[in-house]
Amino acid sequence: RTACAGDLLVAQLPLVRARVSALAFAHHLFRTFVGRSPTDAERVQWAGEVGRRGLSGAALALAQSEAWAGAMVDGLYQAVLGRPADAPGRAYWLGRMLAGMRYEDVAVEFYGSAVYYAAAGSPPAFVHLLYDALLRRPADGPGLAYWSAELGAGRATPARVVAGFYASLESRLDRVDALYRSVLGRDSYEPGRRYWADQLLRTDDVRLAAFLASSDEFYARSQS
């Protein structure tokens, strides 16, 4: 029989559904990573990336994009320096991240900076700040004594102390938990929690975020 308009519409339905699905995924992905809803142009752009790269490729591309890297840099300026990023500084750190510098290493530069250390006023006060900011708990006596002594004796720089905090299992588990909550909206569970904490010694938070955002669970959330 001769094809009619209804036949053509039925034939196009899978493509229409795929397009609508990609737009919904792109919207949820952008909102999760950048912290705001995308513009129409951004939604179309990232839906196109889903079509070209697949879910995992689009998630990693956005995680490594100027949109998310810029949001992360802005967050560090606010959390560490207590002010919005200035244009030259933002451009510098954004360029470093887009060139492959890990978020963790950028954070070490911020928290280990002379400005942040000087604002603390003393080695113990600096260590207290790191416990609050990076481990989100009060300093314990042995940890406070150890890191304060390392700083006071000049055996460690502020940046090295910050790097030690980030490398600790406690910090890595906390960052896994935070990424699960921000990307999947739930707590992480064992054994995956410890597995990803160990992976953070070799990879970085950005790749873990992209992996979670390319999961079936994240996709299902984007379609609801």
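The values are calculated or read from the model by the stated rules, or taken from the named source; none is laboratory data. Nothing here was measured: the structure is a model prediction, and the numbers come from that model. No Cβ is skipped: glycine too gets one built from the backbone with ideal geometry, and neighbour counts run over all protein chains shown. These area figures cover heavy atoms from the full protein model, side chains too; ligands, DNA and RNA do not enter into them. Shrake-Rupley method; radii C 1.70, N 1.55, O 1.52, S 1.80 Å.
With contacts taken as Cα pairs under 8 Å at a separation of at least 6 residues, the chain carries a relative contact order of 21 percent.
With all protein chains in place and ligands, DNA and RNA left out, the 1.4 Å accessible area ranks L201, L135, L60 as L201, L60, L135, largest first. Ligands, DNA and RNA excluded, the heavy atoms of T157 present near 80 Å² of accessible surface to a 1.4 Å solvent probe. Spacing of the modelled spin labels on S168 and R181, each 7 Å from Cα toward Cβ, amounts to 1.8 nm. Positive end of the dipole of the chain (Cβ unit charges, origin at the Cα centre): among W147, H128, L212, the Cα lying farthest that way belongs to L212.
Relative to the dominant Cα principal axis of the chain, helix 66-76 is inclined by about 30°.
Dividing the convex hull volume of the alpha carbon atoms of segment 137-209 by its residue count gives 103 Å³ per residue. In the set [x] 15.7; [y] 21.7; [z] 13.0, the label that goes with mean projected area of the Cα convex hull in nm² computed for this structure is [x].
Taking every C-alpha pair closer than 8 Å and separated by at least 6 residues, the mean separation divided by the residue count of segment 29-81 gives a relative contact order of 33 percent. Here the chain is treated with +1 on each Lys and Arg Cβ and -1 on each Asp and Glu Cβ, and its dipole about the Cα centre works out to around 460 debye.
Normalised radius of gyration (Cα atoms, divided by 2.2 N^0.38 Å) for segment 14-142: 1.34.
Computed from the Cβ-Cβ distance with R0 of 35 Å, the FRET efficiency linking A114 to Q199 stands at 0.65.
Computed from Cα positions, the angle between helix 141-152 and the longest principal axis of the chain comes to roughly 70 degrees. With contributions of -39500 (n - 2.57) from each DSSP H run of at least four residues, the per-residue ellipticity at 222 nm computed over the chain stands at -22000 deg cm²/dmol.
Relative contact order for segment 159-224: 31 percent, from Cα pairs under 8 Å spaced at least 6 residues apart, divided by residue count. Under the classification rounded if a/c is under 1.5, otherwise prolate if a/b is larger than b/c and oblate if not, where does segment 75-185 fall, given a ≥ b ≥ c as square roots of the Cα gyration tensor eigenvalues? Note, shape of segment 75-185 comes out oblate.
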